[in-house]
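Accompanying notes for the structure given below.
The values are calculated or read from the model by the stated rules, or taken from the named source; none is laboratory data. Because the structure is a prediction, the values reported are computed rather than measured. Cβ: placed from backbone, ideal geometry, glycine included. Neighbour counts: every protein chain shown. To get the accessible areas, we keep the full protein, side chains included, count just its heavy atoms, and leave off ligands, DNA and RNA. Shrake-Rupley method; radii C 1.70, N 1.55, O 1.52, S 1.80 Å.
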Amino acid sequence: MPQDAFTLKFLCEELSGLFKGGKVNRIIQPSNDEIVMTVYTGKRTEKLLIDVNPASPRIGVTLEEKDSPLTAPNFCMLMRKHLLSSTVLGVELVGFDRIVKIDFLSSGEFFDAVKKTLYVELMGRYSNVILTEDGKVLGGNRGINMFDNGVRPLIVNKPYVFPPVGNKKTPSDLDLLTTFSNCDKSDLVNVICANVQGLATSTAKEIVFTFIEKFGSLETNNFPQEFFDHLNSYIYQTKSNPCVIFSSGEVTDVCVYPYDVLGGEFEYFEKLYLAEEYYFTERQKIKQYKTKRERLISVISAAIKKVKKRLTAITAKERDAESAEENRIKGELLLANIYRFKGGEKECELDNYYDGSKVKITLDERLSPAKNAENYYKKYNKQKRTLTALKPQREQAETELKYFTSILDEIELAETILDLTMVQKELESVGLLVEKRVTTKKRKEDESFCRVYSVSGFIVRAGRNNAENDKLTFTAKQDDIWVHAKDYHSSHVLVESNGKEVPESVITIAAEISAYYSKGRCGGKTEVVYTKRKNVKKPPRSKPGFCIYENFKSVMVEPQKHQELLKDV
C-alpha cells in the first residue's frame, strides 16, 4: 500500500487538526510494536495509534479497545513519565521522508513548561519511536538503532540525528531536472523511486500515468521541466479524497485518492485516518482469520491422521485374526482323526466334514497330534479374543474420526474470527488444544450464543459448532422445529414455535440456512430434514453435535445465507 511520505503528508495534517491542543490521559503498549495514546481533545476522547511493526508500520487513529499488559514495557513507562497530562502541540511530517514529529508541552519539575518531541520513523525494518527533549534522546522503543554501520547511533542523552537519506532528493530539488533529462523514460517509475524521497511504487506509477494522461505521452517538447512541474503539482496540490480499494470483495489497499493504476472498487471516507483505520482493521482480521484457521486445521488434521493410523493398525490385526474359524476347524479335524497318526508327521490332508473339501494341515513333528490340535485351538481362542477386543476399539476410532471430520467441516465453513473462536473453545473442551494463560488486562465481553434470525415473526436460531448445536437443540422446547441437512454435518437450526403452527415458508428459510452452513452448499440443491424437537435424542456418551431423530420430513432447498434476516445480537 502507498504508506509513503505523500500519504503521510495528508495524514499528518488531519492528525494535527484532530489532536492539537488535546491532553494525554493514558498511554499503553499492547505489544512490542504498538503504542496507544488516549487524548482528550476538548470535545471527546481519541486514541492515537503508533505501530512500528516492520511489515506494516503506521500512525493513525484506532477505534479498537486494546488490551494493556499487566506489566508495562520500559519505553511505555518512560513515555508515561514524560508525556502523561501533556498537551499535544501538533503533528507534522519531517521534510519529505517517512518520519512523523509529534510535539508535546509538559510540566517540568518546577512547573515550567517543557517541550518534548516524539519522532515516529516509519521505515520498514528500521521503524522506531524515539522520545527527545531539547534535541537529545530520552529513549527509544527499539533501543540503540544504527544506520550505515554506526553512522547514526541513537544513545540516551546524545543528540537525535535523522536517518541518512542517501542520494535521494526532495521532490522540489532542482537537481531532479538533470536526473529526468538523462533517464530512461521506459523505466521512469523505477527512476522516481530511486531518486525521489518518500514515494511508494504505486504512487510513482500514478504520477507517470497522470502525466501521460495529461500530455498524451512521455515524448514532450520539454520533458524534464514538464515532468518536474507535474511531479510537484501532483505531490503538493492533489486534493484529498480518501478511499479504500476492494478486489473480489476483499479490501486490498487504501489511498489518499483513488489511484487509477490500482483499479478495483472504491469506498470513500470523510477522513484519511478513518480510511486507514478501516483498512488496517480489516487486513488484521483477515490475517488473524487465516492464521487461526491454519492453526485449527493443523491441530484437527493431526488428530484425524492419528485416528486413521489407529484404524489402519486395527484393520491389520483384524486381518490377522480372520483365520480364527479356519484354525478351529483344523483343531477339530486333528482330534477327530487322531487314530490315523503314527507320530512325526510334518503335515496331513484330512476330509472337512463341514463342506466335503480336503484340508491341508501343517504339523509340528516334535509334538503329538493331540498337542498340535491343542495349539490350533489356542490360536483360535487368541484370535477370537482379539476380534472381541478390537470391535469396541474400531467403534471408538470411527466415532472419533466422524467427530473430528465434523470439526474440520466447521472450520472450513467458518466465515469469521468469532466462528473460529467457538471451534477453538470446542477443541479446548475436548483436550485437543491447551488454553493459554491470560497475561493482559482483559475486558469482560458478552459472547453471543449462535446466530439469530427473525423470519416472519418467528425466531430462528442456528448453531455455529458442535457444542452450540448441542446446547441449542437440547435447551429448546419440545414443540420447536429442529432442522438439519441430511447426510451432511451442518448447523442445527431451531425454529421457536411458541405454541403456534410454523408455516412452511419459515421452515423452508430455516432449511436454506442449515443447508448453507453445511458442505451441501457446494453442490446445489440440498435435502434437509425437519421434525419437532421432541423427536431428537442424544445417545449416551456420544460426541458433541451427534444425535438421532425420527418422525421427520424432508425438503429440497437451495442453500441461502439470509444475511438480511440476521439479528444484531
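A few remarks follow.
- Some residue of region 442-454 being within 30 Å of residue 73 (Cα to Cα) and modelled with pLDDT of 85 or more: no
- Among the residues of region 19-44, those that are out of contact with any Lys or Arg (no Cβ under 6 Å at 6 or more places or on another chain), open to solvent by less than 50 Å² (accessible area, probe 1.4 Å) and assigned to a strand (DSSP E or B) comprise 24, 28, 34, 35, 37, 39.
- Taking region 219-335 and the strands (runs of 3 or more DSSP E) fully enclosed by it, the elements with 1 or more residues that are farther than 30 Å from residue 414 by Cβ and open to solvent by 40 Å² or more (accessible area, probe 1.4 Å) are at 265-268.
- Within region 361-371, tally of residues that are assigned to a helix (DSSP H, G or I) and surrounded by 14 or more Cβ atoms within 10 Å (Cβ to Cβ): 1
- Any hit, region 461-469, residues being surrounded by fewer than 17 Cβ atoms within 10 Å (Cβ to Cβ), in a helix (DSSP H, G or I) and in contact (Cβ under 8 Å) with a residue 24 or more places away in the chain: no
- Given (1) of a type outside the set (Phe, Trp, Tyr); (2) outside any helix (DSSP H, G or I); (3) more than 45 Å from the chain's Cα centre (by Cα), index of the condition residue 431 fails: (3)
- Filter result for residue 514 (loosely packed, with under 12 Cβ neighbours inside 10 Å, of a type in the set (Gly, Ala, Ser) and at pLDDT 90 or above): no
- Residue check, residue 352 touching a helix residue (DSSP H, G or I) at 6+ places or on another chain (Cβ under 9 Å) and surrounded by 14 or more Cβ atoms within 10 Å (Cβ to Cβ): no
- Residue among 374, 398 that is surrounded by fewer than 20 Cβ atoms within 10 Å (Cβ to Cβ), charged (D, E, K, R), modelled with pLDDT of 90 or more and more than 19 Å from residue 310 (Cα to Cα): 374
- When each of 16, 85 is tested for being part of a loop (DSSP other than H, G, I, E, B) and out of contact with any Cys (no Cβ under 6 Å at 6 or more places or on another chain), the lone residue that passes is 85.
- Pairing each residue of region 523-538 that is β-branched (Val, Ile, Thr) with any residue that is open to solvent by 30 Å² or more (accessible area, probe 1.4 Å), provided the two are 6+ apart or on different chains, yields C-beta distances under 6 Å for 528/555; 529/486; 529/552; 529/554; 531/549; 531/551; 531/552; 536/549.
- Residue 313, sole failed condition from (1) within 20 Å of residue 378 (Cα to Cα); (2) at pLDDT 90 or above: (1)
- Close pairs from region 195-219: first under 15 Å from residue 258 (Cα atoms) and touching a residue at least 24 places away in the same chain (Cβ under 8 Å), partner open to solvent by 20 Å² or more (accessible area, probe 1.4 Å) and among the β-branched types (Val, Ile, Thr), Cβ under 6 Å, at least 6 apart: 205/189; 205/261; 206/261; 209/261
- Test: residue in region 171-186 that is under 26 Å from residue 57 (Cβ atoms), touching a Leu at 6+ places or on another chain (Cβ under 6 Å) and assigned to a loop (DSSP other than H, G, I, E, B): yes
- Within region 60-75, the set of residues being closer than 21 Å to residue 133 by Cα and either under 28 Å from the mean Cα position of the chain (by Cα) or at pLDDT below 90 (or both) comprises just one member, 73.
- Residue in region 90-106 that is open to solvent by 30 Å² or more (accessible area, probe 1.4 Å), closer than 17 Å to residue 27 by Cα and assigned to a strand (DSSP E or B) present: yes
- Odd one out for residue 47 among (1) open to solvent by 60 Å² or more (accessible area, probe 1.4 Å); (2) without any contact (Cβ under 8 Å) to a residue 40 or more places away in the chain; (3) touching a strand residue (DSSP E or B) at 6+ places or on another chain (Cβ under 9 Å): (1)
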